[in-house]
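Quick notes on the structure that follows.
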Ligand code: PLP
């Protein structure tokens, strides 16, 4: 029996592990549980991408170690993708790093740029893996509240000057998990000005980059002037192409940050299976119809859920992007007591907002990753509780 290192013991507790245990108990009791709490895309990877993997997997050359820092053809496909989708020019050699999923890059970044005690600015509520990365780098977190009245964007005027001076990294994420908010190019320009002034590296998590509603395409951080001087964007195949199990993503932007990521990864891994890289390149280069269809699917589920909840009297707002809705909890509940209540009485799972940070209190997160019938059924079960 070996004791865990202080580093491991100091990591933030995984809040949602306790939720998984609670759900497991209700399922074990034989109840029909509707799980709207997770973030795992329910649709399969499009066929043409799976086919590309099968063909590529048969190439003996790909059974050897892949080149360090990834295949050239994938880096070139990423360059083509960013130019086509966002009008952004990238250098395949210096401005692209291949990652084992977005999560790996997000967790690696603080180790690349921060020394112990340095500050990272982190959105609250936010994706919990930002905290893990900062802790692993022995950094210090300063939370930027995302408030409804500011459309869930951080208010930079509220950050202390001394904090800005010590901050090395700032995480942003739009379309946002968990709030479903999106950001404008003007907001990114304001961010770039602040980052330049205080020498902060902006890490924009664009995991939901493909998923914007009402015809509004999410803006890439790199579309804003000067973005590459101050930061990077992290993209993943997990959500755009339903490839969450494939573990592949990439970072694009500032050369020194890309070099740091590549250097850290040189010490940790070789590279992703080349057949996966080839299929990923196919995903980026071939028809994007599958992406349009996916966004339409989420948009129609969003209507089913949000219209249904409004009809039963719950005052909710539709997300602008991502596949999550961020719903205010009724009076008299905390996010956790309300999630427990829905699980026990309606067998509906939602994620308590407090799991995403202090400012997530007062909300629950609901995923659009279940088909219409189940979403309608969830609304009916909540209606029967006569909460509203
Ligand atoms: N960023 C956000 C905001 C996410 O919600 C997720 C996944 O849920 C990720 C990053 C990581 O995605 P992956 O590691 O699958 O690329």
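What follows draws every value from the coordinates through simple rules; no lab data is involved. Values in this document were obtained by computation on a predicted structure and should not be read as measured data. FYI the Cβ positions are ideal-geometry reconstructions off the backbone, even for glycines, and counts take in every protein chain you see.
A compact table of results
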item: Per-residue [θ]222 nm for the chain (sum of -39500 (n - 2.57) over DSSP H runs n ≥ 4, rounded to 500); result: -13000 deg cm²/dmol
item: Sites residue 148 and residue 73, calculated FRET efficiency, Cβ-Cβ separation with R0 51 Å, nearest 0.05; result: 0.70
item: Inverse of mean 1/r across different Cα pairs in the chain, Kirkwood, Å; result: 21.8 Å
item: Residue of 336, 299, 286 that the Gaussian network model of the chain assigns the largest fluctuation, springs spanning Cα pairs under 10 Å; result: 286
item: Sequence-separation-based contact order of the range 52-137, relative, with Cα cut under 8 Å and 6+ spacing, percent; result: 21 percent
item: Relative contact order of the range 244-335, pairs being alpha-carbon contacts under 8 Å that are 6 or more residues apart, as %; result: 15 percent
item: Angle in degrees between helix 289-311 and the longest Cα principal axis of the chain, rounded to the nearest 10; result: 30 degrees
item: The range 47-285: relative contact order as a whole-number percent, Cα under 8 Å and 6+ apart; result: 29 percent
item: Degrees between helix 372-384 axis and first principal axis of the chain (Cα, 0 to 90, nearest 10); result: 40 degrees
item: With Cα atoms, 0 to 90° folded angle of helix 101-113 axis to the chain main axis; result: 60 degrees
item: Rounded to 5, percent antiparallel among DSSP beta bridges of the chain; result: 45 percent
item: Residue with peak Gaussian network fluctuation, the chain [Cα springs, cutoff 10 Å], from 111, 38, 289; result: 289
item: Geometric extent, Cα atoms of the range 114-217 - Rg, Dmax (angstrom); result: 13.5, 44
item: Gain upon complete extension [residue 199, residue 138; 0.36 nm per residue less C-alpha separation]; result: 20.0 nm
item: Listed residues 375, 194, 153, most fluctuating in the chain (Gaussian network, C-alpha, under 10 Å); result: 194
item: Rounded Å value of the spacing that divides the Cα centres of the range 32-91 and the range 345-379; result: 29 Å
item: Ranking of 273, 68, 338, 323 by count of other Cβ atoms within 10 Å, fewest first; result: 68, 273, 338, 323
